[in-house]
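The values are calculated or read from the model by the stated rules, or taken from the named source; none is laboratory data. Computed from a prediction, not measured in an experiment: that's the story for all the values here. As a convention, Cβ positions derive from the backbone with ideal geometry for all residues, glycine included, and neighbour counts pool all protein chains shown.
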Amino acid sequence: MIKNIFEKFINPEYSFSNKIIQKEVNKEQKGNIYIEEYGKFSYFLPGTLNKIDSWETKLKTSKNRGMLYTGSSYTVMGKKFQFKLNERHVDIEKIPILYNEYINKYGDVNSYLYTGGFTEYIETEDKNVLYSILYSSVQRICIKYNIKNFNELFDLSLYMVKNPGISINSVKKSFNIKNIDLYIEYLEKADIIFKINDINDNSMIFYTVDNGFTNLGNLIDKNRLIENAVAKRVVTEYENYSISKDKDTFIVEKGRKEVKRIKIDIDTLTGNSI
C-alpha cells in the first residue's frame, strides 16, 4: 500500500525494498495519534493530523525515529511543526524532470513550455500542486536558516518564479527587504531560481528552475517561456562553465575563453544538443 503511494516521491536513499518494509504493520497509539510502524523505515502519519490538538507535541515524545507525513497535512506544518519537530521529519522534495526526459516521455515541446517538468502538475494541471511545492521549499529554507518572516520570503520567491528573466534591479524595486540579497541566495541554494549575468546591463537576471512555476502568475509571453527553458537547459548541460547573456544569446565560457554562443529560440530548445 504505502509502497505504491510514496515510492515515486521519496529520495532514492530511502529504499522501499522488502528488506525495509515488513509485511506486518505494527500499530500503536500515542495520545490519540495512530502510528503505523513499517519495519526499520519510519512512521506513516495519516492525513488527519490537523484534527488532533497538539499533535506535534505528542508525536515528539514518541520514539526518536524518522517519519513520513502526507501532503494533505502540509497546511498544518507551520511554526509549531518547524520548531517542535526540528530534524525529526523526512522532507519529500519534488524535483522536475529535465527537458530531454520530458520529450522522451510526452513528446510535446509546446506543452513543456507551459507545464514544465513537475510530474504531479503534468498529470493533474492543478496549480495547487505548484503552490504546495514552492510553499514547502520556502518552508525548508526558513527552518534551515532560522528565518522568522516566512511570508516575506515566500512572497519574494513567488514573484521571482512568476517572472523569469527578471533583473535584480527590478526585484529590488518591487521589494523593500533588508536582507533581500541573502534571501535570493537562499532561493538559489534551494534550486528555486538561478542567475545568469547580463553583460549589456552589467547586472544579474534570474530564471525559475522550472517553467511550470510561471503558471502561478498571469500568462506570460511565449518568448519568455522559451528563454527560461533554454536558460535551464544551458545551465544544466554546462554546469561547470560560466554563462552570461548578450541580447538574444547565451555565452558559455571556460575561464576567460569563450566556448560557445547559444541562440535563444525554439530551435535551440528542440535540438539534440546545445
(message) Tell me whether region 113-132 contains one or more residues that are in contact (Cβ under 8 Å) with a residue 12 or more places away in the chain, on the phi > 0 side of the Ramachandran plot and crowded, with 16+ Cβ neighbours inside 10 Å.
(response) yes
(message) Consider region 233-266. How many of its residues are charged (D, E, K, R) and in contact (Cβ under 8 Å) with a residue 40 or more places away in the chain?
(response) 4
(message) I'd like the residue in region 192-220 that is in a loop (DSSP other than H, G, I, E, B) and at pLDDT 95 or above and, out of all such residues, is surrounded by the most Cβ atoms within 10 Å (Cβ to Cβ).
(response) ASP210
(message) Among the listed residues LYS178, LYS173, LYS148, identify the single one that is in the same structural domain as ASN202 (by TED's automatic domain parsing), surrounded by fewer than 17 Cβ atoms within 10 Å (Cβ to Cβ) and part of a helix (DSSP H, G or I).
(response) LYS173
(message) I'd like to know if region 232-239 contains one or more residues that are among the basic types (Lys, Arg) and under 18 Å from ILE97 (Cβ atoms).
(response) yes
(request) Filter region 242-274 for residues that are over 26 Å from VAL109 (Cα atoms) and either under 26 Å from the mean Cα position of the chain (by Cα) or not in a strand (DSSP E or B) (or both) and give the result. (result) SER242, GLY255, ARG256
